[in-house]
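What follows is calculated from the coordinates using simple rules that are stated; it is not laboratory data. On a predicted model such as this, the values are computed, not experimentally measured, just so you know. Counting neighbours? That spans all protein chains shown, and the Cβs are built from the backbone with ideal geometry, glycine included.
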Amino acid sequence: MSYFMYDVMGETVDEPDPETMRHVLDGLANADDEHPDVSLSHESGWSLSAFRGGLLTWANAEDDSVAPRRMREVAREETLRLFGLLAAGDVVSIEALSWQR
């Protein structure tokens, strides 16, 4: 399975390991209005975007019929866990969470 991350400045990190995911997420400390998030995207089209303050969005760029969803106040460790699930292609587990439209 192929996946990649964008860091807070928009640089691509191909197939990051858990430690690299943690490092990319740490970059949110430098987020600003122009560069507000980091994200992990899977070859299936699904992506998770994390913002400073704990906002997490879940979307599928390849399926316009699926509305983006979000969760607020997501803890850092939970965000890392979800990044790991998406990297493994476990969309079902992520979909099962209580997302808001």
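Within the range 1-25, can you find the residues that are free of Cβ contacts under 8 Å to residues at least 24 places away in the same chain, surrounded by 11 or more Cβ atoms within 10 Å (Cβ to Cβ) and in contact with a Phe, Trp or Tyr (Cβ under 7 Å, 6 or more places away or on another chain)?
Across the range 1-25, the qualifying residue is only Val13.
Could you please let me know if Arg81 is of a type in the set (Lys, Arg) and without any contact (Cβ under 8 Å) to a residue 24 or more places away in the chain?
yes
Out of curiosity, is Thr12 in contact with a Lys or Arg (Cβ under 9 Å, 6 or more places away or on another chain) and polar (S, T, N, Q)?
Against the criterion (in contact with a Lys or Arg (Cβ under 9 Å, 6 or more places away or on another chain) and polar (S, T, N, Q)), Thr12 does not qualify.
Which residues, taken from the range 5-64, are polar (S, T, N, Q), over 28 Å from Arg101 (Cβ atoms) and touching a strand residue (DSSP E or B) at 6+ places or on another chain (Cβ under 8 Å)?
Hits for the range 5-64 are Thr12, Thr20.
Here are some conditions: (1) surrounded by 14 or more Cβ atoms within 10 Å (Cβ to Cβ); (2) touching a residue at least 12 places away in the same chain (Cβ under 8 Å); (3) in a loop (DSSP other than H, G, I, E, B); (4) on the phi < 0 side of the Ramachandran plot. Val66 meets all but one. Which one does it not meet?
Evaluating Val66 over (1) surrounded by 14 or more Cβ atoms within 10 Å (Cβ to Cβ); (2) touching a residue at least 12 places away in the same chain (Cβ under 8 Å); (3) in a loop (DSSP other than H, G, I, E, B); (4) on the phi < 0 side of the Ramachandran plot leaves (2) as the failure.
Filter the range 45-56 down to residues that are under 13 Å from the mean Cα position of the chain (by Cα), farther than 14 Å from Tyr6 by Cα and either loosely packed, with under 13 Cβ neighbours inside 10 Å or not hydrophobic (A, V, I, L, M, F, W, C) (or both), then give me how many there are.
Counting residues in the range 45-56 that are under 13 Å from the mean Cα position of the chain (by Cα), farther than 14 Å from Tyr6 by Cα and either loosely packed, with under 13 Cβ neighbours inside 10 Å or not hydrophobic (A, V, I, L, M, F, W, C) (or both) gives 3.
Please indicate, with yes or no, whether at least one residue in the range 26-44 is of a type in the set (S, T, N, Q), surrounded by fewer than 17 Cβ atoms within 10 Å (Cβ to Cβ) and farther than 19 Å from Thr12 by Cβ.
no
Looking at the range 69-87, which of its residues are more than 19 Å from Tyr3 (Cα to Cα) and surrounded by 15 or more Cβ atoms within 10 Å (Cβ to Cβ)?
Arg69, Arg70, Met71, Val74, listed by residue number.
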